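Structure first, commentary second.
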Amino acid sequence: MRPAALVLALLLVLTGGIWLGGHPEALPGGVRDALVEDGPAVRADLIDTIQEHYYKPVAKSKLEEESLRGMVASLRDPYSRYFSPKEAKSFNEDLSGKFEGVGMSVHPAKDGLLITDTFPGAPARKVGMRPGDTITAVNGHSIAGEGINTTTDQIKGRPGTFVNLRVKRGEKTLRFHVKRAKITVPEVEGRIVKSGGKKFAVVSLASFSSGVHGRLRQEIDKLVKAGARGVLLDLRGNPGGLLREGVLVSSIFIDKGTIVSTRGRAEPKRVYKAEGDAIAAKLPVVVLVDQGTASSSEITTGALRDRGRATVVGTRTFGKGVFQEVEPLKNGGALDLTVGRYYLPNGEPLPKNGIKPKVRVKDDPKTAKKDEALQSALDVLQRSRK
């Protein structure tokens, strides 16, 4: 055989070997048993058997997707998730603050999904859904025990279509027929509020999506220039987002020193420090939180509390003390895997039962036009100016 032909033949064999190594189900049964490790071989056999003998046709792609999903589900970790290619795209849209659905923030709960916030003007708020409600079924099917990405994908959908949600509110069971819409999360909202004859900046932050720290800083600077003599940072219902944004938002208020550190079994300890150029230290700060304050929101809350920069007001936060890393997969999907824990500046891990506020206040949902928690937080801010 000529050298060129020999090289070509070897390349073909090598290429075929690599391809078959990643697709053991394509090998004949006997060859597969001899050359492939037990785990992948059994998985390939199982897929073949179901495809050949199940009484209804099943797409091979569906079986492969569900086997990947089941692998991650076996961890019994509510925050570790496998995303199909379609779900990975949806996940990235959520981080951008734009998506199609009913307009609410949720966290996994034993019975389904706990609503931590509904967005102003969004369908969920219009029909009367509110924080503290638990969604237990979507379109008549129970979602207890299902992954958060699976259930939220059932709720999302094309604008103008409807979704039926069964909701538990205390001892009551409610049902909502909700029309989906295009949702843009109002990430940063600010205003001047007068209390005790003084002006204060009230700034609400809805998420920690990419770049939000810049918009928050612009809003605070504008309100301080307008005469605000203190800042109330409202993180109620904020489910968090990017760790990097948690550090940058905290750096708006803390000029130097530790914000948070992370550690994991396979992750070295990493300390994240303030990046400088904080607002004036003489400006008092209050952070308003509730059960829906989670993840990066808790990083900011804990950092401002531990560093003596703010008074925390409200109810206990959610307690999401672990962090995930997103690993892109070859099929276009992604693995969102819990890889470590957060540690606050005082060295303690972010508590699983949440951060306890210094001043405990709770808004009364029955008084829709009155925000008791906000007023209490303003009172704390006003006293701190004396």
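The values are calculated or read from the model by the stated rules, or taken from the named source; none is laboratory data. Quick caveat, the model's predicted, so the values are computed rather than measured. Every residue, glycine as well, gets a Cβ built from its backbone with ideal geometry; the counts of neighbours run over all protein chains shown. We work out accessible area using only protein heavy atoms, side chains counted, and drop any ligands, DNA or RNA first. Shrake-Rupley method; radii C 1.70, N 1.55, O 1.52, S 1.80 Å.
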Inset, instruction - Report yes if some residue within segment 227-237 is in contact with a Lys or Arg (Cβ under 9 Å, 6 or more places away or on another chain) and either under 30 Å from T338 (Cβ atoms) or of a type in the set (K, R) (or both); otherwise report no. - result: yes
Legend entry - Single residue of segment 207-222 satisfying the filter (in contact with a helix residue (DSSP H, G or I) (Cβ under 7 Å, 6 or more places away or on another chain) and buried (at least 18 other Cβ atoms within 10 Å of the Cβ)) that is nearest to D290 (Cα to Cα): F208
Inset, instruction - Search segment 98-125 for residues being open to solvent by 40 Å² or more (accessible area, probe 1.4 Å) and in contact with a Lys or Arg (Cβ under 9 Å, 6 or more places away or on another chain), and hand back the single one that is nearest to R69 (Cα to Cα). - result: D111
Legend entry - strands (runs of 3 or more DSSP E) within segment 260-377 that include 2 or more residues surrounded by fewer than 18 Cβ atoms within 10 Å (Cβ to Cβ): 270-273, 322-328, 334-343
Legend entry - Verdict on L216 being of a type in the set (A, V, I, L, M), assigned to a strand (DSSP E or B), farther than 30 Å from Q154 by Cα and at pLDDT 95 or above: no
Inset, instruction - Select the strands (runs of 3 or more DSSP E) contained entirely in segment 85-177, then report the ones holding at least 1 residues which are over 18 Å from R236 (Cα atoms) and touching an Asp or Glu at 6+ places or on another chain (Cβ under 6 Å). - result: 98-101, 134-138, 162-169
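Conditions tested, residue by residue: (1) among the small types (G, A, S); (2) under 18 Å from the mean Cα position of the chain (by Cα); (3) assigned to a helix (DSSP H, G or I); (4) surrounded by 20 or more Cβ atoms within 10 Å (Cβ to Cβ).
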| residue | (1), (2), (3), (4) |
| --- | --- |
| K194 | no, no, no, no |
| A201 | yes, no, no, yes |
| V224 | no, no, yes, no |
| L233 | no, no, no, yes |
| P239 | no, yes, no, yes |
Legend entry - Checking T150 against (1) among the β-branched types (V, I, T); (2) modelled with pLDDT under 95; (3) open to solvent by less than 40 Å² (accessible area, probe 1.4 Å), the condition it does not meet: (3)
Inset, instruction - Could you grab me the full set of residues in segment 180-206 that are within 15 Å of V231 (Cα to Cα) and acidic (D, E)? - result: E189
